[in-house]
Structures are given as structure tokens and as C-alpha cells.
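Step one of this worksheet: look at the structure below.
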Amino acid sequence: MTERSILVSVFTLPAPLTATVAGAAHPTRATFDVVNPATGEIFAAAPDASVADVDAAARVAHDAFPSWRSDPAARRVALHAAADALDAARDEIVPILTAEQGKTLAQSAREVGVAAAYLRYYADMELERQLLRDDADAVVQIVHRPLGPAAIIAPWNFPLIIAVAKIAPALSAGNTVVLKPSPYTPLSSLKVGEVLRGVLPPGVFNVLSGGNEAGAALTAHPLIRKISFTGSTATGKAIAAAAAADLKRTTLELGGNDAAIILDDADPAVVATGIFARAFHNTGQVCVAPKRVYVPEKLRAAVVEAFADLARDARIGDGTDPATQYGPLNNRSQRDRVAELVSDAVSQGATLAAGGSVIEGSGFFYQPTILTDISDGVRIVDEEQFGPALPVIGYRDVEDALARANATHFGLGGSVWGTDPERAATVVERVEAGMTWVNTHSATTFDQPFAGIKWSGIGVENGRWALEGFTEMQVIHQAR
């Protein structure tokens, strides 16, 4: 049975955290509770932004925009200083992130480090003028102009990495920002806002925490010209509808139900190890993790047993315990959703090869779970579980596997695994997803586009494409 670490840490904030507007603390009339997912207990309160607070943040972002957009050299210096400030505050931010999200301290430390690295990466990136024509009649150039105040709405699985992956290109391009983190994980973002006061000019970077009212006010605000959102497909559709009324630009990184296809020449132990590490990273709370595995029937038993061994050996516990590999799910509703999907699958004939139960006691823990004797048409195969439960589905031949893997509204990522990389590469080209891999999954870099197709998103994160996404093209045609 999966072992759960017995250490439970009680974390208390040294002082209440505040919203940041115009480079200073911004008081709100109300607060809301923040729960530690390892204990299930309230451990802090966060400012609950009102419509008026959102309006104040949008207006100061609008007022700061003209000067910020006009000085690329100053932006470069400021973004490097912001990265240095995050690195210097890492020891303050890490325990806050672990307490509100549930991940291990090591993973939280990496998250802060990656956020700082994103700022440095975009600090030095420029969109140069493009010369289209230079002849006796005209000179024609393309330049990229910033859009204006941008709303950044970040999820709870990687609150800082995902937020700063948007904030960094937005600021580098000359936009100003209002960040609204998830109400499940507001504190680390609020702390970043406090750390960067005095580092970035007033109004350039604003942070408000709050619930649906604040989110709706932010996406509908007339001074916001760009919305970059990561989260569920349902919420992404609502944001797209709100943005359409004002023709705001959007980048929407939405849900995924990534398929991993194992070919018949694969080594069961090798592929199980590779897929398990990526499927269960962050307790399965990764948008681009493998969420369903297709395996030839002749290998299914061996692959399932290899997965089950890994699940049974996993150490589950409080993220502050150095022995913990996998923390709790971030919130009770997500833990209950995973439990519901597993229960539904078992009721329809699926077999539990490992796990399958809530871990009793405090916190939102669930056993790493492997399901087999399951097929398409069951919810945990067709929907995004976003948790530590993995269905393993047998297939007849590669055509069958591809047809089933592609029969979904989702199209974020996908992978193919086998000992012949050229054959696997041929197969992976037929996977309908924005990102595909051979013998790995979820592998991303700063300069590699992060983008989904179908219902998995609109627009591109990372690299030059993200920077361009926070700009609009201007053609300058100069007659001779």
C-alpha cells in the first residue's frame, strides 16, 4: 500500500499579505480564507478584491503604460532587477507556496527559480523591425507595438511559473500588468507583488487576489487590452466570450487529456518509469501530463504491473517532509473529483491495479492509482482527471490507437514510446496535438512553443511567439 509520510507541518504567515496596486500596499474591505491542502485547515487570509479594487488596478496600469512602453532599455534593467529580487526572496516565498499549493519544498524552490529565469530570458529579447521593401518607390517596415494593460489570470497548479511565463513577455514588450492568481493559491503571488514593489515602477505590475467577481470585472474592464489565462476549458470559453464584446486580445491555455501511445516494441519497465514520472508529477496536477495510456494488448499486463509497482512504492505526504515525493491534491473539490472518476470507472468494470482510495486523515490526499480493463467512453478516459489516477487502455494496432487517442475535443500534448525512435516519430506526427514527444512527455523549454489545438487553447506561450502575442503589428509604408 502507498506509504504516507507522518509529518504534518503547521505553517503560519509571519504577517498578512496585501494586494499591490501602484507599487504599494492596497487595502481591501474583505478577505477570504486560504486552506493548507496537507492539513485541510485554514492557515491564512487573502485580500478579496472588489470591482472597485479591480478598477483602481486597471487605471493605474493604464496610467503607467505610456512611460513604460517608451523605454526598452529601462525595461531590460528593471526585469533583470526583478529576477534578482525573486531569487533573493526565494526562502521567503518557498514555504508560502508549499503551504498553499501542497507541492514539496524542493518543487517550490524550483518554481521560484524558474520564474526568475523567465524574467531574465525575456528581459533581453527584442522584436526587431522587419524590412519588407526598400526600392525606388517605398520603404515598408513592420514594427511590433505593445497592446496596453494586460490581465494575467493564473491557475493553482503552478501559480508562479505559469504567471511569470505570461508576465515576463508582457512586461518585456512594453505592456503593464494586473495579475489575479487563483483563489486557492493567492499568497505566493501576493508575496511576489510585495517583493517587486520599488523594483518595478508604480503601476507596471499590480497583484489582486479574489474570486469570481474580481475575475469577471478584470476580464470585462474597458482599459484591459489583453487577457492571458491558463485554466479549464469551460472558464476559457467564458473569458473568450467576455473578451469578444470589447475585442480584447486573448491567449488561452486550457485543458488537456494527453494520450501516451506505447508501441509493440517497447520495454514495459522502461516506458512505465518514463510515463509514470510525468503522469504523476505534481500529484498529476499538470495540464500537459499523460492522462491516458494506450498499450498493445500483448504488453498490457506487463505495463500495468510496472505502473502498479511504481504507484505502490510512491511516498505521499506533507510537502515539507523531505521524504515526500507526492503531496496532496490542492483542494477538496479536486480530490473529490478524482475519487468520483475512479469510482465511476470501477462501477463500469475497470480493475484497480493499484490505489483507488482517499487516504484517510487530514488533508486532501489520494492514493496513486492505476486502472486497467477500461476503454473509451468511461469518464476518466474521456475527461481530464487532473490528479493521481491513470487509465491504461489496450489496443489492437497502431491505427486503432491513433483513432482513439485523437477522438477528443482536447489537443494539448501527446507522446509515442518505443525502441525504434524513427518509427515512433512517424506515428507521433499523426497525433492531433499542439505539442508531441517521442520517448518523453511534457518536456518544454523557454524557447519551445507551448500551445494547444482544438479545445486546448488559443495562442502560444514561450519563446518569441509569446512576446509577439503581447503586441500588435504596425505596417509603416514610407513613399519615396
Verdict on Ala234 being at pLDDT below 95, more than 21 Å from the chain's Cα centre (by Cα) and open to solvent by 30 Å² or more (accessible area, probe 1.4 Å) = no
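Rundown of residues vs (1) over 14 Å from the mean Cα position of the chain (by Cα); (2) within 21 Å of Ile161 (Cα to Cα), yes/no style:
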{"site": "Val438", "(1), (2)": "yes, no"}
{"site": "Ala451", "(1), (2)": "no, yes"}
{"site": "Ile458", "(1), (2)": "yes, yes"}
{"site": "Gly463", "(1), (2)": "yes, yes"}
{"site": "Gly469", "(1), (2)": "yes, yes"}
In region 243-257, how many residues are over 17 Å from Thr369 (Cα atoms) and open to solvent by less than 40 Å² (accessible area, probe 1.4 Å)?
-> 9
Please specify each residue of region 225-247 satisfying the condition of being over 20 Å from Leu171 (Cα atoms) and in a loop (DSSP other than H, G, I, E, B).
-> Gly231, Ser232, Ala245, Asp246, Leu247
Can you tell me which of Glu360, Glu340, Glu305 is over 25 Å from the mean Cα position of the chain (by Cα), open to solvent by 10 Å² or more (accessible area, probe 1.4 Å), farther than 30 Å from Leu263 by Cβ and charged (D, E, K, R)?
-> Glu360
Would you check if Lys180 is in contact (Cβ under 8 Å) with a residue 12 or more places away in the chain, in contact with a helix residue (DSSP H, G or I) (Cβ under 8 Å, 6 or more places away or on another chain) and under 23 Å from Ile96 (Cβ atoms)?
-> yes
Residue within region 151-162 that is in a helix (DSSP H, G or I), among the small types (Gly, Ala, Ser) and crowded, with 19+ Cβ neighbours inside 10 Å present = no
Report, by residue number, each residue of region 177-224 that is buried (at least 22 other Cβ atoms within 10 Å of the Cβ), more than 21 Å from the chain's Cα centre (by Cα) and in a loop (DSSP other than H, G, I, E, B).
-> Leu196, Gly203, Val204, His221, Ile224
Restricting attention to region 283-298, report how many residues are part of a helix (DSSP H, G or I), buried (at least 21 other Cβ atoms within 10 Å of the Cβ) and not β-branched (Val, Ile, Thr).
-> 1
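The values are calculated or read from the model by the stated rules, or taken from the named source; none is laboratory data. This one's a predicted model, so the numbers in the text were calculated from it and none came from an experiment. Backbone-built Cβ (ideal geometry, glycine too); neighbour counts: all protein chains shown. Protein only, heavy atoms only, side chains kept; ligands, DNA and RNA dropped before computing areas. Shrake-Rupley method; radii C 1.70, N 1.55, O 1.52, S 1.80 Å.
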